[in-house]
Amino acid sequence: MPELPEVETVKRTLNTLVKGKKIDRVTVTLPRIIQRPAEIESFCAALAGHTIQEVGRRGKFLLIHLDDLVLVSHLRMEGRYGVYSSDEPVEKHTHVIFHFDDETELRYKDVRQFGTMHLFSPGEEMREAPLKKLGIEPLQDGFTAELLKEKLGNRRSFIKPVLLNQHIIVGLGNIYVDEALFRAGIHPMTQADSLNDEQLKRLHEAIIYTLQQAVDAGGSSIKSYVNGQGEMGMFQHQLQVYGQEGKPCVRCGQLVEKSVVGGRGTHTCPSCQPRS
Ligand SMILES: [Zn+2]
């Protein structure tokens, strides 16, 4: 699933490709992708004639700001956007097409069909699901070690599932949680409310560092993620524990282990992340 760095990369790419383009009409061939409004006809009719002003991001969601409308899009497992000339053949699993008035199209392709789109009036999107209850943005200035401490202080569960919870901090998924916990030297099964100030400081730094490095590398291409231009991200080459089971730890040489924490495959170094 794309995490914050991958969605940020798609956002940046889309801004270079579709900003300023005017939607002529919209075609939807898989109605269940469209969650709001309930009627597909209303969705298509509402978007016709509108111009894309800017593409933003909140957590793992893309926010396509148009004049008078905001389209909130979640790629879930394998959703992808691409911009094509309208005479190019439409690939299989393309479910939504935004036809622009300049003979180009933004196409949304989703093999697994788990992606969603919600259409709102500007401002309304932050007051309703799916964005309403999202937690802190870790790459924004407001994310401090003190705030992390406050958010984790009363959580009596393992740190890994707490970090995956989008209502607390947004954008982290399985890859970047494993990487950040390794960098901070914290075992994923440590109780969130038991972290001391030193560990919280290291974790705060590790979350920001890991996500920022991944954004700078254009995200990670683990299974099928590609940005809006069909290019692969490069951060998978910098992963230190995720997917590295059986290989020597980059810090201490002990072999990286894989286990299951909170139902998710989890990668750790037994010596750098001792279980307290
Ligand atoms: Zn190690």
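Among the listed residues 245, 231, which satisfies the condition of being among the charged types (D, E, K, R), assigned to a loop (DSSP other than H, G, I, E, B) and either away from the ligand (no atom under 16 Å from the Cβ) or at pLDDT below 95 (or both)?
Working: 245 fails: either away from the ligand (no atom under 16 Å from the Cβ) or at pLDDT below 95 (or both).
That would be 231, the only listed residue that is among the charged types (D, E, K, R), assigned to a loop (DSSP other than H, G, I, E, B) and either away from the ligand (no atom under 16 Å from the Cβ) or at pLDDT below 95 (or both).
Of everything in segment 251-275, what is surrounded by 15 or more Cβ atoms within 10 Å (Cβ to Cβ), under 15 Å from residue 184 (Cβ atoms) and within 14 Å of the ligand (Cβ to nearest atom)? Give them in sequence order.
The answer is 267, 268, 269, 272, 273.
Restricting to segment 152-183, count the residues that are within 16 Å of the chain's Cα centre (by Cα) and assigned to a loop (DSSP other than H, G, I, E, B).
The qualifying residues number 8.
In segment 72-94, how many are touching a Leu at 6+ places or on another chain (Cβ under 7 Å) and over 16 Å from residue 32 (Cβ atoms)? Even if it seems obvious, please write down each step before you answer.
First pass over segment 72-94, keeping only residues touching a Leu at 6+ places or on another chain (Cβ under 7 Å): 72-73, 81, 83.
Filter once more, keeping what is over 16 Å from residue 32 (Cβ atoms): 81, 83.
Selection size over segment 72-94: 2.
List every residue pair whose Cβ atoms lie under 6 Å apart, where the two residues are 6 or more positions apart in sequence or sit on different chains, the first residue falls within segment 244-263 and is of a type in the set (S, T, N, Q), and the second residue, located anywhere, is more than 9 Å from the ligand (Cβ to nearest atom).
Final answer for the pair search is 259/266.
The values are calculated or read from the model by the stated rules, or taken from the named source; none is laboratory data. Just so it is clear, the model here is predicted, and its values are computed rather than measured. Cβ sites come from the backbone with ideal geometry, for glycine too, and all protein chains shown count toward neighbours.
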